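The block underneath contains the structure these notes are about, expressed in structure tokens.
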Amino acid sequence: MYVALQRLQFWGIKIFSVATGDLTDKTGKLLASVMGWKDEAYLEDLRDKTRRGLAGRAQRALALAAAPMATAPSLSQTRRDGPTPTGLH
């Protein structure tokens with residue numbers, strides 16, 4: 001993120017954050033770096049949890065993804081009192 005801030009600052013573009021204010025001054029650059037580290041750690045944790053969940057589903061021989069929407073049963077197929085007209089649920 002710091003490289004992006006340098007490029008924008010080179011072109012004379014100022015970046016403002018609602019939470020922290022001006023990100024083009026010295027304090028803002030430090031805050032942007034810390035936010036970048038925090039975001040990177042969050043994404044790594046999310047990646048690990050997703051992979052662990054998919055591996056668990058594969059070990060239990062479960063589907064790794066949901067069926068496409070086109071193959072899901074429609075409302076008229078699931079109702080017991082008969083089909084419903086299209087668009088009326």
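The values are calculated or read from the model by the stated rules, or taken from the named source; none is laboratory data. Model, not experiment: these values are computed from the prediction. We place every Cβ from the backbone using ideal geometry, glycine too, and count neighbours over all the protein chains shown.
So that you can scan it fast, the table gives a plain yes or no per residue for (1) at pLDDT 85 or above; (2) at positive phi; (3) in a helix (DSSP H, G or I):
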{"residue": "Y42", "(1), (2), (3)": "yes, no, yes"}
{"residue": "D45", "(1), (2), (3)": "yes, no, yes"}
{"residue": "T50", "(1), (2), (3)": "yes, no, yes"}
{"residue": "L54", "(1), (2), (3)": "yes, no, yes"}
{"residue": "A58", "(1), (2), (3)": "yes, no, yes"}
{"residue": "L64", "(1), (2), (3)": "no, no, no"}
{"residue": "A70", "(1), (2), (3)": "no, no, yes"}
{"residue": "S76", "(1), (2), (3)": "no, no, yes"}
{"residue": "D81", "(1), (2), (3)": "no, no, no"}
Among residues of the range 37-51 being of a type in the set (K, R) and under 23 Å from V3 (Cβ atoms), the residue nearest to the chain's Cα centre (by Cα) is R47
Per the filter on the range 6-36, residues within 21 Å of the chain's Cα centre (by Cα) and assigned to a helix (DSSP H, G or I) are A32, S33, V34, M35, G36
